[in-house]
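The values are calculated or read from the model by the stated rules, or taken from the named source; none is laboratory data. A quick note: this is a predicted structure, and the numbers were derived from the prediction, not measured. Positions of Cβ are backbone-derived with ideal geometry, glycine not excepted, and every protein chain shown enters the neighbour counts.
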Amino acid sequence: MNYEVVVVGGGIGGLTTAALLAARGVNVCLFERQSRVGGCVANFEHPGYSFEPTAGLYSGWQKSGVYERLFSELSVKAPEIRRLSPYMVRLPNRFDVPVSENWDEFAETLCRTFPECAETAVSFYRDLFDIAQLWIDANNGFRTSSEAKIHDVLKYRDQLTSQHLTGTSPRFRRFVDVQLQTFTQSPSDECSYLYSAIALTAPHRGLWAIRGGAQTLADALAGSLKQSGGVLRLNSPVLRLAYGPDGAAIGVDLLSGERITTTRAIVSNLTIWDTYGKLIGLSRTPASITAHLKRLRGWGAYLLFADMNEAAASRLSADADHFLVLTDLHENLAYEPDEMQLVFSAAPQWDPRAPMGHRAVTILTFTDVEDWFSFHEDETAHEKQDQMMLETSWNRLHSALPELGDGIEVIETATPQTFYETTRRKLGMVGAPGSTFAGVSPDQKFSVTHLPNVFLVGDTVCPGSGLEAVCQSAIALTDHLVSSRLARTHNN
């Protein structure tokens, strides 16, 4: 079989690229090894329950946002979304800090919560808004008043956020850290200042919940791909790239032994590690890239999927459904997210994913993936580690959110091994390598490889935070592929 473009992987990045290409008349085929699409955002299903494996906080759904542009081209309706009320950052001693959209309210909250550094804290956020707006304008093609301003904003890629927290208190820095770790997988002493500006200001531009979770978005994209004439092949693992006699990538080889060729491009929605390590092949990867990949580090996720009754939900502060929980300050130590934080996310009451009178809840804690892939003769050691992690996380949850009481119970757990088994992501790592900023400039909005017709898309390479950035990167890649196709047709 021959296609113009082959997409490997049915996560949000691959689906967005394939759906848009098909909508624009490109002959495209997407291969997904699982029996359904979604990748690492695919819901965990349990009889009577549907759990999101994410924090459930989605940006980009505002008017003229990335999703409005995306679905304006597709043949299906966008998923139902609703704007969320502020999420809470819970500090130790049950001190809740609402992160609201309204700037005046938020600034007042900062002053009230952090009186020891109120002016500096407000100034820190005000500077973030300025930087983020310049970046957004540049990525949307708007011209700023001078090229110098573009240069100024790009210089923040190479600065750490911690450099700009001088004069703030340890409590405020931890308030920043728990949010950065949740949205970028890196705390302030590792995270790019530009990356922080994008991530920390996203809640103030608006956050939404998706009915059915991100799985609904994935299903809509898959539906559009097929309606527009594209091909979606599930249960079709790709083994490696296929190469011609001259060393050029000419397609992909499937695990079944079938070879699929392409005339235009191959788009990998695998992680950056797996794109080079499995798809391209380490023997064909330049030594400089291999060395870079070895330095990149990603976190794993340990998830508790739980049932919460409405009585417990009503006892939570301001009926909030989402908490970023800082369980311990540890002011004089480096930030360790696997020991210091939890993310609590309950499905909205208007989106029933549990039996009547109950909520489906996801509790996420970060974990070191290496700890879950030590050699074991059998499953006993893994099961024991899972049980220990469950007990530790459960105790930390009840200590931080005691109002839950006995109104919540565990249904199931997921470990990095679970993610590896379902997605084949290296060591089950989720999200981006937190210490890097993938974006090179506003003009490079998608990721290239050393092979001229092989591109990457997805959460480990996009310049930004969350699914909004993944979709934005996929749209930019689609624009590039279609414009170059038109240019080639015109020249011929």
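Listing for the model above:
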read-out: Failed criterion for VAL430 (all others in (1) assigned to a loop (DSSP other than H, G, I, E, B); (2) modelled with pLDDT of 80 or more; (3) surrounded by 23 or more Cβ atoms within 10 Å (Cβ to Cβ); (4) touching a Pro at 6+ places or on another chain (Cβ under 7 Å) hold); value: (4)
read-out: Residue satisfying condition, being of a type outside the set (Phe, Trp, Tyr), within 17 Å of VAL343 (Cα to Cα), part of a strand (DSSP E or B) and in contact (Cβ under 8 Å) with a residue 40 or more places away in the chain, within set VAL89, VAL5; value: VAL89
read-out: Unique match (being part of a helix (DSSP H, G or I) and under 19 Å from PRO452 (Cβ atoms)) among LEU270, LEU279, LEU241; value: LEU279
read-out: Check on TYR3, touching a strand residue (DSSP E or B) at 6+ places or on another chain (Cβ under 6 Å), modelled with pLDDT of 95 or more and not basic (Lys, Arg); value: yes
read-out: Every residue from segment 253-276 that is within 22 Å of ARG24 (Cβ to Cβ) and over 24 Å from the mean Cα position of the chain (by Cα); value: ILE260, THR261, THR262, THR263, ARG264, ALA265
read-out: Exclusive hit being surrounded by 15 or more Cβ atoms within 10 Å (Cβ to Cβ) and more than 25 Å from ARG174 (Cα to Cα), set HIS382, HIS322; value: HIS382
read-out: Unique match (being surrounded by 14 or more Cβ atoms within 10 Å (Cβ to Cβ), closer than 21 Å to PRO433 by Cα and in contact with a Phe, Trp or Tyr (Cβ under 6 Å, 6 or more places away or on another chain)) among THR367, THR362; value: THR367
read-out: Yes/no for PRO348 being outside any strand (DSSP E or B), modelled with pLDDT under 95 and in contact with a strand residue (DSSP E or B) (Cβ under 7 Å, 6 or more places away or on another chain); value: yes
read-out: Test for ALA55: is it closer than 21 Å to GLY212 by Cβ and touching a His at 6+ places or on another chain (Cβ under 9 Å); value: yes
read-out: Residue ID - farthest from the chain's Cα centre (by Cα), chosen from residues in segment 348-380 that are farther than 24 Å from ALA312 by Cβ and among the hydrophobic types (A, V, I, L, M, F, W, C); value: PHE375
read-out: Residues satisfying the stated conditions in segment 295-309, i.e. farther than 24 Å from THR415 by Cβ and at pLDDT below 95; value: ARG295
read-out: Of all residues in segment 406-424 being closer than 15 Å to TYR302 by Cβ and among the charged types (D, E, K, R), the one that is modelled with the lowest pLDDT; value: GLU421
read-out: Subset tally (residues that are part of a helix (DSSP H, G or I) and in contact with a strand residue (DSSP E or B) (Cβ under 9 Å, 6 or more places away or on another chain)) for segment 356-386; value: 5
read-out: Residue count for segment 201-220, restricted to those that are hydrophobic (A, V, I, L, M, F, W, C), touching a strand residue (DSSP E or B) at 6+ places or on another chain (Cβ under 9 Å) and not in a loop (DSSP other than H, G, I, E, B); value: 5
read-out: Breaking point among (1) closer than 20 Å to SER85 by Cα; (2) of a type in the set (A, V, I, L, M); (3) free of Cβ contacts under 8 Å to residues at least 24 places away in the same chain, for LEU333; value: (1)
read-out: Selection count, segment 64-118, where residues are closer than 30 Å to THR327 by Cα and touching a Cys at 6+ places or on another chain (Cβ under 8 Å); value: 1
read-out: Positions within segment 56-79 being part of a loop (DSSP other than H, G, I, E, B) and in contact with a helix residue (DSSP H, G or I) (Cβ under 8 Å, 6 or more places away or on another chain), in sequence order; value: LEU57, SER59, GLY60, TRP61, GLN62, GLY65, LEU74, SER75, VAL76, LYS77, ALA78, PRO79
